[in-house]
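First comes the structure, then the notes that go with it.
The values are calculated or read from the model by the stated rules, or taken from the named source; none is laboratory data. For clarity, every value in this text was computed on a predicted model and none was experimentally measured. Heads up, the Cβs are rebuilt from the backbone with ideal geometry, glycines too, and the neighbour counts pull from every protein chain shown. These area figures cover heavy atoms from the full protein model, side chains too; ligands, DNA and RNA do not enter into them. Shrake-Rupley method; radii C 1.70, N 1.55, O 1.52, S 1.80 Å.
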Amino acid sequence: VDVSRVNLSEHLVMEVNVDAHLLRFSTRDTSRRRLFHACENAIFLRAHCHHYSHVCLQIVKVWSEDGAGKVVEIPADMTARDVCQLLVYKSHCLDDNAWTLVEHHPILGLERCLEDHELVVQVQASMSSDSKFLFRKNYAKYEFFRNPLNFFPEQMVAWCQESDGSIPQSQLLQNFLNSSSCPEIQGYLYMKEPGRKSWKKLYMFLRRSGLYYSTKGTSKEPRHLQLVSDLEDSNIFTIITGKKLHNAPTDYQFCIKPSKVRSDCKELKMLCAEDEQSRTCWMTAFRLLKYGIVLYQNYNAPQQRKANLLPLSAPVRSVSENSLVAMDFSGRTGRIIDNPVEAQSAAVEEGQTWRISTQSGCDHMFVCVAVIHRTQVWFHGRIMREEAHKMIIQQGQVDGLFLLRDSQSNPKAFVLTLCHHQKIKHFQILPCEEDGQVFFSLDDGATKFTDLIHLVEFYQLNRGVLPCKLKHPCTAVAL
């Protein structure tokens with residue numbers, strides 16, 4: 001990386017040459033830290049986003065769950081997916097394609113996940129000063145492509161009823177993605193009456209042209225349909241303030257917000273479903289009918305990128321295979337052991353030495369085992385039950401989404417919080433002692449583990465007494 005700095009008026013122009021690819025940054029700050037971050041951005045843009053070059057950068061601030069914020073400089077036409085990759089790169093966390101940017105409106109009590117193709121700077125321009133972006137995982141973002149029948153109950157999809165529910169999974173999604181088809185979501189929703197605290201139960205229809213309610217029972221005749229909102233210039237949000245604030249009939253609220261509206265509550269269309277499955281169906285269908293095939297392209301993009309890299313990349317090996325070799329330090333200087341027989345002998349001798357040292361320092365080992373789980377991404381310490389619920393809901397409510405936390409009722413125990421069939425369940429992990437050693441168990445000692453890491457790894461492979469395997473760790477990254 002070659003960096004040159006030229007004073008121009010009061011601005012500092014940094015020309016960063018990455019692999020003969022020139023990018024220019026303009027700033028008033030001449031500090032080394034600023035210069036380093038500019039270089040870091042340039043390297044990322046060159047390596048991952050080849051189409052972003054010779055552009056003016058915009059400042060965007062993103063917040064993590066712990067309240068910390070990070071300022072990033074991005075091109076005006078950078079998508080939400082590429083911003084997430086940039087934050088993953090800067091935060092050194094695992095990119096499993098579940099990271100997302102969340103548009104959060106604290107005063108309105110609304111939030112939504114940006115679609116991967118949306119332009120972040122453009123979305124930021126439509127937000128009010130109190131609104132912000134959050135960096136968070138959402139495992140359910142494209143789950144409907146993998147399990148569509150779980151998201152679209154037969155009684156809510158009009159063409160399913162007309163065909164007696166005999167539509168295969170593949171055709172179910174094709175009807176939503178194909179712009180020439182006319183799928184329709186129908187069912188009862190509560191709608192908040194404008195300027196009042198009361199809600200009215202109405203039979204509604206969601207089509208490509210918009211959301212409608214029937215003025216006469218469940219009739220879908222055109223003369224009985226009243227438009228609630230179109231899809232083109234609106235976005236769908238989850239309401240996060242709870243039902244008491246708006247006097248909602250249930251907890252399953254969502255909202256349609258016109259893109260031009262910043263903080264005017266009067267323009268919001270407040271809706272409420274009977275249960276979580278119904279709410280998920282309406283919100284997922286809204287996204288599919290609005291964006292169509294673009295959502296499927298977003299879903300496929302990471303897999304295609306991975307497939308394109310596989311033929312060019314070397315076989316993946318572990319860190320230990322790549323970096324560790326047999327060494328002999330018995331002399332004044334170390335030497336690499338080339339003879340396989342000698343290397344095997346050295347490994348056996350090293351193992352015997354380690355066993356002797358651990359027997360003499362067992363107390364220290366016990367302390368390490370007792371706290372090692374606190375370094376894991378799925379462990380969240382002394383959070384309350386309600387906070388655990390909130391985190392699971394925010395990250396998607398898919399089967400196998402889990403976290404571990406300290407028990408509030410038993411200081412020596414822990415709790416596994418797990419999502420299954422959109423329901424959140426809690427399982428107590430109790431300590432049990434055997435021959436002077438402490439173990440942990442979920443099933444009253446039938447299956448025992450020396451530490452929580454072993455317990456989690458076991459239930460990631462085996463369902464055991466749980467309703468499903470542990471699949472997705474509920475993660476909070478520090479930016």
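Just grab the label-to-label distance for LEU94 and CYS265, each label 7 Å out from Cα along the Cβ direction, in nm (one decimal).
4.2 nm
Got a sec to turn the phi values of the range 214-222 into Karplus ³J(HN,Hα) couplings, 6.51 cos²θ - 1.76 cosθ + 1.60 with θ = phi - 60°, whole Hz, x for Gly and Pro?
Running phi through 6.51 cos²θ - 1.76 cosθ + 1.60 with θ = phi - 60° gives 8, 7, 9, x, 9, 5, 10, 5, x Hz.
Lysines near LYS412 by alpha-carbon distance under 18 Å, same-chain residues fewer than 8 away left out - which ones?
LYS448
Once fully extended, how much extra length lies between ALA343 and THR250, figured as 0.36 nm per residue of separation less the alpha-carbon to alpha-carbon distance?
Answer, rounded to one decimal: 26.8 nm.
Exceeding 27 Å between C-alpha atoms, which entries from my cross-link table qualify? They are LYS266/LYS425; LYS132/LYS471; LYS192/LYS260; LYS257/LYS425.
LYS266/LYS425; LYS132/LYS471; LYS257/LYS425
Provide the FRET efficiency to the nearest 0.05 for the TYR188-VAL438 pair, computing r from the beta carbons and using R0 = 51 Å.
0.45
With a 1.4 Å probe and every protein chain left in place, tell me how much accessible area CYS182 has, in Å² to the nearest 10.
120 Å²
Rounded to the nearest 20 Debye, what is the dipole magnitude of the range 57-137 about its Cα centre when Lys and Arg each give +1 and Asp and Glu each give -1 at the C-beta?
The calculated dipole for the range 57-137 is roughly 200 debye.
Within the range 236-264, find all residues whose amide N lies under 17 Å from a label point positioned 7 Å from the Cα of ARG196 along Cα-to-beta-carbon.
246-249
Order the following by accessible area, largest value first: THR238, THR475. Probe radius 1.4 Å; ligands, DNA and RNA are ignored.
Sorted descending by solvent-accessible area, the residues read THR238, THR475.
Please report the carbon-and-sulfur percent of the accessible area for the range 57-137; probe 1.4 Å, protein heavy atoms only, DNA, RNA and ligands left out.
The C+S portion of the solvent-accessible surface of the range 57-137 is 52 percent.
I'd like the FRET efficiency for ASP230 and THR375, computed as 1/(1 + (r/R0)^6) with the beta carbon distance as r and R0 of 45 Å, rounded to 0.05.
Calculated value: 0.40.
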